[in-house]
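The values are calculated or read from the model by the stated rules, or taken from the named source; none is laboratory data. Since we're looking at a predicted model, the values are computed, not measured. For neighbour counting, all protein chains shown are included, and Cβ atoms are generated from backbone atoms with ideal geometry for every residue, glycine included. For the accessible areas, the whole protein counts, side chains as well, though only heavy atoms, and no ligand, DNA or RNA atoms are used. Shrake-Rupley method; radii C 1.70, N 1.55, O 1.52, S 1.80 Å.
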Amino acid sequence: MSDPTFSIGRLARASGCKVPTIRYYEQVGLMPPPARTAGNHRVYTDRHAERLTFIRHARDLGFPLDDIRDLLGLTETPAASCAEADRIARRNLESVRHRIQRLKLLEAELERMTEHCECGTVDRCRVIEILSDHDKCLADDHPPTP
């Protein structure tokens, strides 16, 4: 992006974010509002692209928007301690570890469920039986369905 300014479409293509996502990030205050042309079109700068790259990378790593907002706020005082950034990252690491633990339980249950299925008829299907009766399931703590 060598031009000093560019359109939302160009920003979207360069960042891999969709235009509605960029608008949403602006709406929730993660992206600073861009300047507007006389025709009311958004005009972005390299600063917007850098910020969007930060947001996208943080989202790819699973950071929630509130944590991203806090991390972006920390960048406003570059000489300050990074202890808060470290705390946010550690909290997210614990969250990831917890999700992995739950996924391993689900994996084991699905393995057990499918290993005992004889691929006969639905009325004798082990998968249907276990899904119909939570007491037969080994995994007590299922994650909420999305």
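Helix 83-115: angle to the longest alpha-carbon principal axis of the chain, degrees 0 to 90, nearest 10?
Taking the Cα atoms of the chain, the angle to 83-115 is about 30 degrees.
Suppose R0 equals 25 Å; then what is the FRET efficiency for THR53 and SER81 from their Cβ-Cβ distance, rounded to the nearest 0.05?
Efficiency, rounded to the nearest 0.05: 0.55.
LEU65 versus LEU131, label points 7 Å from Cα toward the beta carbon: distance in nm?
3.2
Tell me the relative contact order for the chain as a rounded percent, counting alpha carbon contacts under 8 Å between residues six or more apart.
Computed value for the chain: 15 percent relative contact order.
Over the heavy atoms of SER81, what accessible area does a 1.4 Å probe trace out, to the nearest 10 Å²?
Answer for SER81: close to 90 Å² accessible.
Please compute, over every Cα-Cα pair in the chain, the percentage with a separation greater than 23 angstrom.
Across the chain, Cα pairs with separations above 23 Å total 57 percent.
Hey, any idea what % of the chain's accessible area is carbon plus sulfur with a 1.4 Å probe?
That fraction is 55 percent.
Quote the accessible area belonging to ASP60 in square angstrom, nearest 10, computed with a 1.4 Å probe and with ligands, DNA and RNA left uncounted.
Approximately 110 Å² for this residue.
Between CYS117 and ALA89, what is 0.36 nm times their sequence separation minus the Cα-Cα distance? Round to one decimal in nm.
My answer for the length gained is 5.9 nm.
With a 1.4 Å probe and all protein chains kept in place, how much accessible area does THR121 have, in Å² rounded to the nearest 10?
Spelled out: THR121, probe radius 1.4 Å, area about 80 Å².
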